[in-house]
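Data block below; observations after.
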Amino acid sequence: MSLELRGITKTFGSFTANDSIDLKVETGQIHAILGENGAGKSTLMNIVYGLLKADSGEILIDGKVVDISNPSDALNVGIGMVHQHFMLIPVFTVAENIMLGHEKSSKLRVLDLDQARAAIRAISEDFGLQVDPDAIVETLPVGIQQKVEIIKALIYEAKVLILDEPTAVLTPQETDELLNTMRDLKNKGTSIIFITHKLREVRAVADQITIIRRGKVVAAVSPETSEGELASMMVGRAVDLSPEKYQHEMGGAILEVKNLTVRDALGAAIVKGVNFHVNAGEVLAVAGVQGNGQSELARALINLEDHIEGSILLDGEEIRGASIKDSLHAGIAFIPESRELDGVIGSFSIAENLILDLHELSPYSKGINLSAKVMQSEAEKRVAEFDIRTQSILDAVSTLSGGNKQKVVIARELSRPIKVLVASQPTRGLDVGSIEFVHERILAERDAGRGVILFSTELDEVIALADRIAVMYRGEILGIVDSKVTREELGLLMAGVTSAKVGAE
Amino acid sequence: MKNTISRIGQSIKLPGLSFLMAFTITGIIIAVSDEKVMNKIGSPIEFLKSAGASVGNAYLALFQGSIYDNRLAKSNFFEGFYPFFETLVTATPLILTGLSVALAFKSGLFNIGAQGQFIFGAIGASYVGFRFELPVGIHILAAALAGIVLAAIWGGLVGFLKAKTGAHEVILTIMLNYIAAFFILWLLKTKTFLRPGRIDPIAPEVADSAKLPLLAGENFRIHAGIFIALAAALFVWWLLTKTTIGYKFRAVGANSQAARTAGISVPFVITSTMMICGALAGLGGAVHVLGSEHALNTDVAGSFGFDAITVALLGRAQPLGTVFAALLFGALHTGGRMMQSNTGVPLDIVVVTQGLIVLFIAAPMFVRYIFRLKKLNASTSLTSKGWNG
């Protein structure tokens, strides 16, 4: 089945999200739509899926104009969508989730789960998507949950599948698996619209690439196009994808972690007695598949976790057991993993967010009196220095894009005297331009003699920025390696294979 | 300046429209429940006339009972304002309990416990008021302070338990309300509190030196408490917008996780918020006893603590909004009595109106639909916090 969009235009007030977009997805092809956050990709897909109504333009299926005004219309004409944030009920089983909204029951109004199970098994076999129908969704890894979403679309006979940023939440292995699944689906005749801003993935699977910038189609290219070219078309200017790791001065150990164990509320160790140190003027990356204790380790460094054992020495001073405030003020800047939840307060203004951990300090306050004047004048400086794109510093942070929210967090954390920067997944979900910015700031901190600990699941980022790489697996640091390591070696470490075993093979 | 006006316009649009709709529906109920009106259902014109008269009379009585009644202005114009002063007397404790609930909202807490805190404020003020003899001024201060401290402890207990154990403040405050309500029943039977020579539960009257000064002479009940309430509103506004403490409160209220990550102590915020909330509601109890009741009785709290929730919601948890909402509720309460005695429309209809106002405020989408509004600036986060908030 082919899907064609002709002249789709959608405006929100004076803002044009989609400007007469033309697009054709051929039968059995993977069509990638590439664009920065806010380029209009999601708006376009929401129109195709019936969640939004276009101001003008038409949607054609196999050459015939169709009217899609809600998601069930979309399902009826064979369009399925896997959203970036899964639409699953965590406490339900896979089968229950999949039959949701299409429940079949016997005469006694008993749900017919057997039929759902059988249908799931059939789809699983046809498309090679192995999922246990009776597993509870919340117990499944993210990659499998995504398969459940894909099965959900396929079971209602979707012939065109929209995948909205599907790899944003996946580990490298899961990503590879998803790309394989996409190829299988394509070979079975399913057309796929693949929305992403990750260049490597696009080049790996796409048959056609359409690049959208500021609501307009700027180019339709083939996957042979180089990453650099794709990036510059997406951003609209030349982009430096791998920052130079030029020679830089390195000092002595600024942060030492000894025998650090982090336990959850039930007493189970999530981080198991790790040891490492970071030198001044060095980037130490902590790599690993998500969920191997990196998040907890990062949080433990500023005492955000409740049960921490061992020792954290910042410039020789023990800070384990200090309050969060004291840990921060001792000289650690912290960029949390989730901007929205931990980094910013959405309903607060930009100016207010910029003093979240500074409001008790001079010049922002005297005694308990908060100075709005100082807060605002300092905010103006940060906005200029960190290039935060906003109309006014009094706008709520929730109105900003992801990249600008992250800039607010970074501006705040770097505007007090620090010795160490702890950055947890600092570029997750950001567009190319913002990623570039974040990388520049991280390297600038390194060059200024700070120790940087970068927690990241993105291998490219780890290899590009780190001086040394620590790999975490099941709560332990399996090894700390030089940054000249290859992707393959890193991948093996991340899968729990230590170098001794690598050598033996 | 133009921005400020349009912002204020935006923020009163929802309460204003809710108010309008609530009165419309109340009007329909008044008309329909009036037999004289319903008897004329056969002829539409007569029916409408009669319905108009019935509703008009009821609302006129409501106005006369709460704002101005020219029939009372016998010797001079001023006397006609008697109902308005009564409205202020009723609104005074309501402003304070309303502020207590509103401040808690700002910190992301749902304080259902203003009732219990009010009771302890009243107990403290009453005891110091009748037990000691102190100079004027100082006596008032001491009595009010006793009420504030007792209630701050009572409220702070909730914050402390939540901060230490994670117990939900809604459950805690509801339970503590029961304890407070029964505590005062018991207390008024003890020798210390029972007025000598009485068997019904009432405490001795507070000394004259502890009574709040009357503002308009002996004939009116209006007392200085209204200024205390307004000063408290100003204090809450100052605390929230001008201090680091208020900044912490708002930060935790808006996103406690981000606030914690930035080093703000959430237990401190929860405990201190609940203490200040308790102090505000307790001041309400103290002012009520020292200003208009003068003697502690079992029903001293009325429904001030519960109406406070509605008042804070209607005032959108803003100090100024809370003051206006409390004035409105005070007017409805006092005016409702006149409506009942003059037109036979039951006082309960006022409760219906209050309920409707809150219903519409809690359902902004509905108001928006009715009035075909494109944008309605509604702070739904106030009411949709849920149990894990």
Taking chain B and counting helices only, DSSP H stretches of n ≥ 4 at -39,500 (n - 2.57) each over all residues, the nearest-500 ellipticity at 222 nm comes to -23000 deg cm²/dmol
Classified through the alpha carbon gyration tensor (a ≥ b ≥ c as square roots of its eigenvalues; rounded if a/c is under 1.5, else prolate when a/b is larger than b/c, else oblate), chain B comes out oblate
Relative contact order of chain A (C-alpha contacts under 8 Å, at least 6 apart) in percent is 15 percent
Note, A:Glu385: beta-carbon cut-off 11 Å, +1 each Lys/Arg, -1 each Asp/Glu, net +1
Averaged over all viewing directions, the convex hull of the alpha carbons in the protein assembly as shown casts a projected area in nm² of 48.4 nm²
The long-range amide H neighbours of A:Ile30, using H built 1.01 Å from N in the peptide plane and a cut-off of under 5 Å, are A:Ile192, A:Asp207, A:Gln208
Cα-based Rg and Dmax for segment B:190-257, in Å, come out at 20.3, 57
When all Cα-Cα pair distances of chain A are considered, the percent exceeding 35 Å is 41 percent
Answer in debye to the nearest 20: the dipole magnitude of chain B about its Cα centre, from +1 Lys/Arg and -1 Asp/Glu charges placed on Cβ, is 1420 debye
Segment A:149-173 and segment A:254-269 have their Cα centres apart by a whole-number Å value of 36 Å
Relative contact order in percent for segment A:3-235 (Cα pairs under 8 Å, 6+ apart) equals 29 percent
Looking only at lysines whose Cα falls under 19 Å of B:Lys242's and that sit 8 or more positions away or on another chain, we get A:Lys366, A:Lys373, B:Lys106
Among B:Ala308, B:Ala363, B:Ala146, the residue with the largest mean-square fluctuation in a Gaussian network model of chain B built from Cα contacts under 10 Å is B:Ala363
Checked against a 23 Å limit on the C-alpha separation, the offending pairs among A:Lys325/B:Lys162; A:Lys10/A:Lys405; A:Lys147/A:Lys186; A:Lys258/A:Lys419 are A:Lys10/A:Lys405
When the charge dipole of segment B:89-330 is computed with +1 on Lys and Arg Cβ and -1 on Asp and Glu Cβ about the Cα centre, the Cα farthest towards its positive end, among B:Ser209, B:Ala91, B:Phe183, belongs to B:Phe183
As a percent rounded to 5, the proportion of antiparallel DSSP bridges among beta bridges in the protein assembly as shown is 60 percent
Filtering chain A for DSSP H helices with an axial alpha carbon extent of at least 24 Å and a Kyte-Doolittle mean of at least 1.0 returns none
Taking a ≥ b ≥ c as the square roots of the Cα gyration tensor eigenvalues, with a/c under 1.5 meaning rounded and otherwise prolate when a/b beats b/c or oblate if not, segment A:64-150 comes out oblate
Within the under-15-Å Cβ sphere about A:Gly321, not counting A:Gly321, Lys/Arg +1 and Asp/Glu -1 give a net charge of -1
The answer for the net charge of residues other than B:Ser18 whose Cβ lies under 12 angstrom from its Cβ, with Lys and Arg +1 and Asp and Glu -1, is +3
Note on chain B: helices (DSSP H) long enough, at least 20 Å by alpha carbon along their axis, and hydrophobic enough, mean Kyte-Doolittle at least 0.0, are B:2-32, B:44-66, B:82-106, B:114-131, B:138-165, B:169-187, B:225-242, B:266-288, B:319-343, B:348-362
If exposed means chymotrypsin sites (Phe, Trp or Tyr not before Pro) lying in a DSSP loop and surrounded by at most 13 other beta carbons within 10 Å, then the longest stretch of chain B lacking such sites spans residues B:1-370
Expected max-MSF residue from B:Lys211, B:Lys106, B:Lys74 in the GNM of chain B (alpha carbon, under 10 Å) is B:Lys74
Looking only at lysines whose Cα falls under 18 Å of A:Lys198's and that sit 8 or more positions away or on another chain, we get A:Lys41
Given unit charges at Cβ for Lys, Arg (+) and Asp, Glu (-), the dipole magnitude of segment A:340-416 about its Cα centre in debye, nearest 20, is 180 debye
Looking only at aspartates and glutamates whose Cα falls under 13 Å of B:Lys211's and that sit 8 or more positions away or on another chain, we get B:Glu133, B:Glu293
Computed over segment A:3-235, the Cα gyration tensor eigenvalues, each multiplied by 5 and square-rooted, give semi-axes in Å (largest first) of 31, 21, 15
When chain B is treated as a Gaussian network with springs between alpha carbons less than 10 Å apart, the largest mean-square fluctuation among B:Lys164, B:Lys49, B:Lys13 is found at B:Lys49
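Read the figures in this text as sums done on the coordinates, not as results from a lab. Only a predicted model underlies this, so the values are computations on that prediction, with no experimental measurement involved. Counting neighbours? That spans all protein chains shown, and the Cβs are built from the backbone with ideal geometry, glycine included.
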